[in-house]
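To keep things clear, I will list the structure first and then write my remarks on it.
Please treat every number below as a calculation from the coordinates, not as lab data. Keep in mind the model is a prediction, meaning the values are calculated, not measured. So basically every Cβ, Gly included, is an ideal-geometry build from the backbone, and we count neighbours across all protein chains shown.
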Amino acid sequence: MITYFDYATLPVTPWKNGAGATREIIAVPSVDAPFLWRASIATLQADGPFSPFPGVDRTIVLLAGQPLRLRGEEIDHPLALWQPWAFPGEWELSSVGIVEPGLDFNVMTQRGRASAKVEVVSDRQRAATEGVAYVLQGEWDLAGRRCAAGSGLCWRGNAPGELRPLGADGRLLLATIALK
């Protein structure tokens, strides 16, 4: 299954705390958990706590907006543009320092059943069996379709083929999922 998407057309789910909203890209079901893996883009509008996800590994990437900090009991991590950061879903974290609305990419995997590798790339890639590719800058040929910033594709079961930049300025967020 290969699905192309555009950020602007993803369904919006407001957060209960009012500090943002989520646009889900894909949620792969699991027989014994809410998901095996899930990818989404969130709008951060105000400082606030992150929802806990026990048994889940998370990776977050700031896509747009000013740098901010993720803080917990013994954690104070700066979140900078396009710099992936992985952490356990059990950590009690809050976003701090939001001065304007921003966007972040999130991928979550059920620990012990799946794992994610998230990176920002600028060169030709061969995709893994499952994952998400999201154009950050420039234009890309994503498995035969021309995609611009704010669009991408997600896939399961079959690698979509080649992902390649169409110019020197191309940047792509690539999340590859390994099933265990």
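Using the empirical formula 2.2 N^0.38 Å as the baseline, the Cα radius of gyration of the stretch 9-111 reaches a ratio of 1.02.
Applying the criteria of a DSSP loop state and at most 11 other Cβ atoms within 10 Å to the chymotrypsin sites (Phe, Trp or Tyr not before Pro) of the stretch 83-156 yields no site. Looking at the stretch 71-121, the GluC sites (Glu not before Pro) that sit in a DSSP loop and have at most 15 other Cβ atoms within 10 Å of their own Cβ are 73, 74, 90, 92.
Please report the base-10 log of the normalised intensity I(q)/I(0) for the chain, using a Debye sum with one equal scatterer per alpha carbon and no solvent, at each q in 0.11 (1/Å). Scattering profile of the chain, log10 relative to I(0): -0.45.
Could you work out the Kirkwood radius for the stretch 116-179, taking every pair of different alpha carbons, averaging 1/r and inverting it, reported in Å?
11.2
Could you pull out which residues in the stretch 100-139 have an amide N less than 15 Å from a spot 7 Å beyond the Cα of residue 33, following the Cα-Cβ vector? It comes to 107-117, nothing else.
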